[in-house]
Amino acid sequence: MFPPEHIVCLTEETVETLYLLGEERRIVGVSGYAVRPPRVRKEKPRVAAFITADVEKILALEPDLVLTFSDLQADIVAALIRRNVAVHAFNQRDVAGILDMIRTLGALVGTQDAADALARSLDERLTAVRERATNRHRPRVYFEEWDDPMISGIRWVAELVEIAGGAEVFPELSRNKNAKDRIVTATDVIAAAPDIIVGSWCGKKFVPAKVAARAGFADVPAVRTGWLREIKSTLILQPGPAALTDGLDALVGIIEAWRKQAG
């Protein structure tokens, strides 16, 4: 059926995007991590975590389309396809990919114009933030996605750090799509000498004291000056509108506050 009337979203960003497009009526099931907009938790049944899902519960919703993300959901996708369910797997890992996801999702539900308008407005917002940061001092920023092992930020996060006015300390690593390829050592971080450390431990609470206590970290500028901050994973680590709005704003707030203190 086109456009699909019964959609199951197994990650947060497609849920938020469909709500922003005014197409939430099509959603019949969501990820347990979906929290944007807040009313989604009351309105839509939860059928999955991130790498696990209740396939029978999904099937009972009789979806026309299931939306997934990345290789981490490959097993769920395979199980659904074997049960003759239509699945679209997104795999965006950078800012351009997020905007493409919005446009593609709009095409999938027959709202291309609204999706293009949403993507354009988000892109214009990014441009405005980038221009405000031009020719200003850029603090060195280490974004930590996980603590053990230490995993540095994925590409869209690294790009948002730069847009917000920071200097990403591991820009090349951020191009690696898989987390295992972005593992860094304490020695790497010490050598990178970040002015700011931002933690977003994939849903686990960031503990600045734990970071500061790592061997050799006492001499890291961010630790020495107390610039360890958290951004919630729901804002920055879901590759959708949240990252480009509230996630970016959180980065800007941290960097602006650092500049003010640094003089």
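The values are calculated or read from the model by the stated rules, or taken from the named source; none is laboratory data. The structure displayed is predicted, hence computed values, not measured ones. Backbone-built Cβ (ideal geometry, glycine too); neighbour counts: all protein chains shown. Heads up: the accessible areas ignore ligands, DNA and RNA and are worked out on the full protein's heavy atoms, side chains in. Shrake-Rupley method; radii C 1.70, N 1.55, O 1.52, S 1.80 Å.
General observations
- Residue tally, condition in contact with a Pro (Cβ under 6 Å, 6 or more places away or on another chain) and of a type outside the set (Gly, Ala, Ser), over the range 210-246: 1
- Assessment of the range 20-39 against the conditions (in contact with a strand residue (DSSP E or B) (Cβ under 8 Å, 6 or more places away or on another chain), open to solvent by less than 30 Å² (accessible area, probe 1.4 Å) and basic (Lys, Arg)) yields at least one matching residue.
- Elements of the type strands (runs of 3 or more DSSP E) sitting completely within the range 5-69 and holding at least 2 residues that are under 27 Å from ARG93 (Cβ atoms) and in contact with a Gly (Cβ under 6 Å, 6 or more places away or on another chain): these cover 46-48.
- Within the range 175-218, the set of residues being buried (at least 22 other Cβ atoms within 10 Å of the Cβ) and within 27 Å of LYS260 (Cβ to Cβ) comprises VAL189, PRO194, ASP195, ILE196, ILE197, VAL198, GLY199, SER200.
- Of ASP100, ASP75, all but one fail to be under 16 Å from PHE50 (Cβ atoms) and either open to solvent by less than 30 Å² (accessible area, probe 1.4 Å) or at pLDDT 95 or above (or both); the exception is ASP75.
- LEU108 passes every criterion in (1) out of contact with any Ser or Thr (no Cβ under 9 Å at 6 or more places or on another chain); (2) touching a residue at least 40 places away in the same chain (Cβ under 8 Å); (3) under 26 Å from VAL223 (Cβ atoms) apart from (3).
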